[in-house]
4 protein chains.
Amino acid sequence: MSARTDDRAAVFHRAQEYIGSRVSDSLTSIDPALILRTLELLTRAPSIFVYGAGRSGIIGRAFAMRLVQAGLRAYVIGESVTPIVQRGDAVIILSRSGESYSSMQTANIVRREGSELVVITTRPTSKLAHAASVLISIDLPEDGERSRLAPLGTLFESASLRLTDALIAALLVARGENEESMRARHAIMV
Amino acid sequence: MSARTDDRAAVFHRAQEYIGSRVSDSLTSIDPALILRTLELLTRAPSIFVYGAGRSGIIGRAFAMRLVQAGLRAYVIGESVTPIVQRGDAVIILSRSGESYSSMQTANIVRREGSELVVITTRPTSKLAHAASVLISIDLPEDGERSRLAPLGTLFESASLRLTDALIAALLVARGENEESMRARHAIMV
Amino acid sequence: MSARTDDRAAVFHRAQEYIGSRVSDSLTSIDPALILRTLELLTRAPSIFVYGAGRSGIIGRAFAMRLVQAGLRAYVIGESVTPIVQRGDAVIILSRSGESYSSMQTANIVRREGSELVVITTRPTSKLAHAASVLISIDLPEDGERSRLAPLGTLFESASLRLTDALIAALLVARGENEESMRARHAIMV
Amino acid sequence: MSARTDDRAAVFHRAQEYIGSRVSDSLTSIDPALILRTLELLTRAPSIFVYGAGRSGIIGRAFAMRLVQAGLRAYVIGESVTPIVQRGDAVIILSRSGESYSSMQTANIVRREGSELVVITTRPTSKLAHAASVLISIDLPEDGERSRLAPLGTLFESASLRLTDALIAALLVARGENEESMRARHAIMV
């Protein structure tokens, strides 16, 4: 095995560990009170809307799918069948920078309608963060390896998937649901 | 704070840790030789196709987006602009059970065309696994907490995201790319 | 202008007229009683589901979007937030051939659940057609120009768009809706 | 049959005819020279990008799918695998009003990159129209029945589908393609 070959396999395993541990660090410090407030908004909202641009939106879609399987009504903003947001609904925006135009425009509409806004971001001082009813800040300080092992939004997206999957586990307890009841709501996949 | 409230926050943090450590365990044991073979297929294929049903397909889409940013040509099977698979192309199928009809049908077409097939699955003995040119088996043994903390395919999907993100890090080395060159390929997001 | 150039512009205008007139012919003969039965199913269903493979599915998505704007709950089968079909729901399948595996599988699930099935197809004798509660057959006899001016499913897809748009106009009357009330339900598009 | 019931069936057939004839009127007057210029841009572009917001984007997706089957490389702006637009590429924007923020932003990026822009719109005096390399204006004057029989963008979307399908017919001539060669490029649909 050449040195070069070796490098690549080593980078794979180093990146895998790096992503796992950086995400663990960022999630461990999340205040349980914020999780409880988020769960309250999610369980009492008639409809839940998820938004994210690019890859954050892809993670948002994975979350929305689980919300539906958990028995809630959920939509992804930007998809064809998504209705309008109404007073009392909950909207979750995933945005690493807290600065994308489309996220800010979504937040403005949400607040104007009197809906609740949960923002998940790495920038607690961004304009988007200021618009939030519940702000979940994911702390991912820069270091020398990040750009090489987890380029662009990789850490934020990975943290968002694990965070929203853990929210689903807590939501099952809150709603008296379990894997069997979720499986029964698994949609037709053809 | 009531006992009930307490439970929910505890479940969140327990689930977050559980997912992280189970995924770490499953990825640590992956044979570096399989990663190298996958990288070889990806870098020499004229086009790369990704397929997964349901939430696995969502993770596949996140991977395809990064492949494009890394300078490769990638498509998601099932999307409107996806061309036909041709000899020499590489196809990656994400399937926890290795048994979904649509995954098997995709695999059959791929093999008939003479393309290379990478299968990522938890079932190395499934029919889909047997059709693979490269089989990446993700070992996620059942335990007493799994259904409560990570229902349905949560662990597989989470492992798939981390695995494919780590493949991207290795791919950057293999292709002499970095975060800046990826950012320059970041598509219009309106 | 060269002869070749001339040809292309002439083919454009010939195709445009051909598609328009073939679609008109196919829709004029549709029995009003079938339209009324379809409207009844759509207006009384708690949820409406639309399915089509490939380009038929794209037209189905355009229809589902209008159904939501008309105040109904509608989903596209295969999208991430689509819940399961339940008794009393209405399902509309668009399938030119009436023979695609995924359409048949969808129809089987729909009938097993006791939901109502509207099939729009060019093949009234197909297995899919036989599974329908309401069968809307689009008659598009083959002629010598079809493959050149409207290749593959072009005529069926064009007829399906016009048919479903006309259903929306009739639905507005049935539900006492109008353009203004629809505009007020126009979702966030960011 | 009650008067009310009768109304609804009559509205269906009236809407179906109305949409067909209004679309025919709007397309008949399109200058063949614009079609030829569009075909030239499409056939010589390394990649073609299609964009539209909402339902216009759905029609754009149907067009992109046919472009791929006709042997061209085509992408939908906003989808996960869409690469960046480069000099020499062709971009087609479908926008009824010519005023949506996302369409204007897309046009600005396209012009900055030195790519060619085809705009299909009902507003030849809009800012978007002014940014076009080729402007295809669809003339749909308002009348007393439009809002009732073809609410919101129905006529524009219907005209866009027929126009782009007719472009495909002309493109087949220009490229020496036919239905059989298109069918052979029909992607895996599982």
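Every read-out reported here was derived from the displayed coordinates using simple, explicitly stated rules and does not represent laboratory data. Note that the coordinates shown come from a computational prediction; the quantities given were computed from them, not determined experimentally. No Cβ is skipped: glycine too gets one built from the backbone with ideal geometry, and neighbour counts run over all protein chains shown.
Here are a few things to note about the model shown:
- Normalised contact order of region B:53-152, rounded percent, pairs of Cα under 8 Å and 6 or more residues apart: 21
- Hits among lysines - C-alpha to C-alpha of residue D:127 under 30 Å, sequence gap 8 or more where chains match: A:127
- GNM result for chain B, Cα springs below 10 Å: residue of B:131, B:15, B:64 fluctuating most strongly: B:15
- The GNM of chain A, with springs linking C-alpha atoms under 10 angstrom apart, assigns the highest mean-square fluctuation among A:164, A:122, A:28 to A:28.
- Charge dipole of region D:97-190 about the Cα centre (unit charges at C-beta), most positive-ward option of D:140, D:155, D:187: D:187
- Computed on chain D, with alpha-carbon pairs under 8 angstrom and 6+ residues apart, the relative contact order is 25 percent.
- Relative exposure of B:152, A:34, judged by other C-beta atoms within 10 Å (fewest first): A:34, B:152
- All other residues whose Cβ lies under 10 angstrom from that of residue A:37 are scored, Lys and Arg at +1 and Asp and Glu at -1, for a net of -3.
- Charge sum, other residues only, whose C-beta stays under 11 Å from residue D:132's C-beta, Lys/Arg counted +1 and Asp/Glu -1: +2
- The mean of 1/r over all distinct Cα pairs in region B:74-190, once inverted, gives the Kirkwood hydrodynamic radius of 16.2 Å.
- Whole-angstrom gap from region C:70-136 to region B:7-25, using each part's C-alpha centre: 40
- Inter-chain shielding of B:45-52 (mean C-beta neighbours from other protein chains, 10 Å cut-off): 1
- Order of D:145, C:17 under a 10 Å beta carbon neighbour criterion, fewest first: D:145, C:17
- Dipole magnitude of region B:20-133, debye to nearest 20 (Cβ charges: Lys/Arg +1, Asp/Glu -1, about Cα centre): 120
- Calculated over region B:1-89: convex hull of Cα atoms, volume per residue (Å³): 145
- Simple spin-label estimate for residue A:31 and residue C:178 gives 5.0 nm between the two label positions (7 Å along the Cα-to-Cβ direction from each Cα).
- Within the shell of other residues whose beta carbon sits under 12 angstrom from the beta carbon of residue D:179, the net charge comes to +1, with Lys and Arg scored +1 and Asp and Glu -1.
- For region A:1-157, the direction-averaged projected area of the alpha-carbon convex hull comes to 10.9 nm².
- Along its first, second and third principal axes, ordered by size, region D:66-128 spans 34, 24, 21 Å in Cα coordinates.
- The magnitude of the dipole of chain D, with charges of +1 and -1 set on the Cβ of Lys/Arg and Asp/Glu and taken from the Cα centre, is near 400 debye.
- Built from the Cα atoms of the protein assembly as shown, the convex hull projects on average onto 31.7 nm², one quarter of its surface area.
- Only the Cβ atoms of Lys and Arg (+1) and of Asp and Glu (-1) were treated as charged; on that basis the dipole of region B:1-70 about its Cα centre amounts to roughly 260 debye.
- Most fluctuating residue given options C:52, C:114, C:176, as computed from a GNM of chain C linking Cα atoms under 10 Å: C:176
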